[in-house]
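Colleague: Take a look at this one; I'll ask things after.
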Amino acid sequence: MMKLKYYEIDEKRLLEEVKGKKVAIKLPEGFIPYAKKILDFLEENGINAFLLAESCYGACDFVSYEGIEKIICIGEAEMPYLRRKYKPEVAFIEAKYDFDVSFLNGVFKYLEKNVGLATITPYAHKLKECKKYLERNGYKVFIGKKSRRTAYDGQILGCDFSSATSISNYVDSFLFIGDGFFHPVGLYLASKKNVVVANPIEKRIYADEIKKEANKILKKRYAVIAKAMDAEKFGIIVSRKIGQKRLELARRLKKLIEEKGKKAYLIVLNDVDEKIDYMEFDCYISTACPRVAIDDMDKYKKPILTPIELEILLNERKWENYEFDQIL
């Protein structure tokens, strides 16, 4: 196994996937510092590979490439419904993190009887073990079924919380197994249920922090919407990336904006950058990865909204019904 920071990837499988192919390696942002290590490993084994040093928001973040027979995406799980749509073929080498589930005893004081479990790729292989541990300690535990965009039961994405929301009527709260706050905050907003985080890397439990983090994000998003109140010319961003292409949604939003007496224009843009500050649009709507508007909002002078935030801006949705944009 090859160690990448906290995580491990299967070296043997990596070599099997690249054998006899003109390959390129694609990495999520957190693994980019280890690109040289991976390329050196391949070269030592007789493989010369390209590095696709582009954005990688997940298994959805691919366009077609010429001169490459296969792409190896390291760190992510596949999106099953895209399996036959990748050009060229994409193989996914997941990153995994093993841990002792007994650290979950720290969550007991925060959870009620009925618990929903959710996680992200590096921890998905431990979810059933976490379930058994909680059940041995008196909890009734639910894990939602995977969707067309997720590889595992209980797995959530920044753009798909459906495995968790599908069981929200049966649970009092959710326990998220993983690192970072983006996914549990999104789950909290989508489910309207309390979310506790058990971070296996830090061996720490977070409870009240999720609501606090959600409120911080909501305040920032409210400010972005307020900044767009006087906008008259809207640029609607459409991505060509295979799992982020929502042209029909973009067209519906264009129609909605024009029905409100404002101007709307469709813009094909795979990676949002500083150029949006110099085009003659007052505001942008991103139909690409939902995280573009949330994560990068401080980078640009002009506001970028999600489709849901546009609905709020145009009085088609109440602020109380705010949630993260999802691609389902």
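The values are calculated or read from the model by the stated rules, or taken from the named source; none is laboratory data. Fair warning: this is a prediction, and the values are worked out from it, not measured in the lab. So basically every Cβ, Gly included, is an ideal-geometry build from the backbone, and we count neighbours across all protein chains shown. In case anyone asks, the SASA skips ligands and DNA or RNA and just uses the protein heavy atoms, side chains included. Shrake-Rupley method; radii C 1.70, N 1.55, O 1.52, S 1.80 Å.
Colleague: Considering the zone a paramagnetic label at Asp295 would reach in this model (a point 7 Å from Cα along the Cα-to-Cβ line), which residues of segment 181-222 have amide N under 16 Å from it?
Modeller: Inside the label zone: 181-187.
Colleague: Same structure again: At 0.36 nm per residue, minus the direct Cα-Cα distance, what do Asn169 and Asp10 gain on full extension? Give it in nm, one decimal, please.
Modeller: Here the segment from Asn169 to Asp10 would lengthen by 53.5 nm.
Colleague: As an exercise, identify the trypsin sites (Lys or Arg not before Pro) in segment 237-314 lying in DSSP coil whose Cβ has no more than 11 other Cβ atoms within 10 Å.
Modeller: Lys301
Colleague: Mind giving me the FRET efficiency for Glu320 and Lys3? R0 is 30 Å, r the Cβ-Cβ distance, nearest 0.05 is fine.
Modeller: Working: r = 46 Å, r/R0 = 1.53.
After rounding, the FRET efficiency stands at 0.05.
Colleague: Sticking with this structure for a sec: Carbon and sulfur atoms: what percent of the 1.4 Å accessible area of segment 163-239 do they account for?
Modeller: Roughly 48 percent of what the probe reaches on segment 163-239 is carbon or sulfur.
Colleague: What FRET efficiency, computed as 1/(1 + (r/R0)^6) with R0 = 22 Å and r the Cβ-Cβ distance, is obtained for Ala226 and Glu248, rounded to the nearest 0.05? If you can, show how the numbers build up before the last one.
Modeller: Values: r = 29 Å, r/R0 = 1.31.
Plugging the Cβ-Cβ distance into 1/(1 + (r/R0)^6) gives 0.15.
Colleague: Which residues in segment 299-326 place their backbone N less than 20 Å from a point set 7 Å from the Cα of Asp282 along the Cα-to-Cβ direction?
Modeller: 300-317
Colleague: Accessible area per residue of segment 108-183 at 1.4 Å probe, in Å²?
Modeller: Result: 43 Å² of accessible area for each residue.
Colleague: Would you indicate which of (1) 33, 29, 16; (2) 32, 24, 19; (3) 27, 24, 19 is the value of semi-axes √(5λ) of the Cα gyration tensor in Å derived from the coordinates of this structure?
Modeller: Read-out taken from this structure: (1).
Colleague: Considering Cα pairs under 8 angstrom that are at least six residues apart, work out the relative contact order of the chain and quote it in whole percent.
Modeller: 13 percent
Colleague: What trypsin sites (Lys or Arg not before Pro) in segment 45-133 are in a loop by DSSP, with at most 14 other Cβ atoms within 10 Å of the Cβ?
Modeller: Details: sites: Lys70, Arg83, Arg84, Lys85, Lys96, Lys109, Lys113, Lys126, Lys128, Lys131, Lys132; in loops: Arg83, Arg84, Lys85, Lys113.
Listed in order of number, the matching sites are Arg83, Arg84, Lys85, Lys113.
Colleague: Can I ask one more? Among the GluC sites (Glu not before Pro) in segment 13-120, which ones are in a DSSP loop with at most 14 other Cβ atoms within 10 Å of the Cβ? Mind listing them? Mind showing how you got there, number by number?
Modeller: Working: sites: Glu16, Glu17, Glu29, Glu43, Glu44, Glu54, Glu66, Glu69, Glu76, Glu78, Glu89, Glu94, Glu112; in loops: Glu54, Glu66, Glu69, Glu76, Glu78, Glu94, Glu112.
Passing both the DSSP loop test and the Cβ count: Glu54, Glu66, Glu69, Glu112.
Colleague: Setting aside same-chain residues fewer than 8 positions from Lys211, which lysines have a Cα under 18 Å from its Cα?
Modeller: Straight-distance partners of Lys211: Lys109, Lys192, Lys193, Lys219, Lys220.
Colleague: Relative contact order (percent) for segment 119-250, with alpha-carbon contacts under 8 angstrom and 6 or more residues of separation?
Modeller: 15 percent
Colleague: Using a Cα-Cα cut-off of under 16 Å, which aspartates and glutamates could be cross-linked to Lys245, ignoring same-chain neighbours fewer than 8 residues away?
Modeller: Asp61, Asp160, Asp271, Asp325
Colleague: In addition: Given charges of +1 on the Cβ of Lys and Arg and -1 on the Cβ of Asp and Glu, with all other atoms neutral, how large is the dipole of the chain about its Cα centre, in debye to the nearest 20?
Modeller: It works out to roughly 820 debye.
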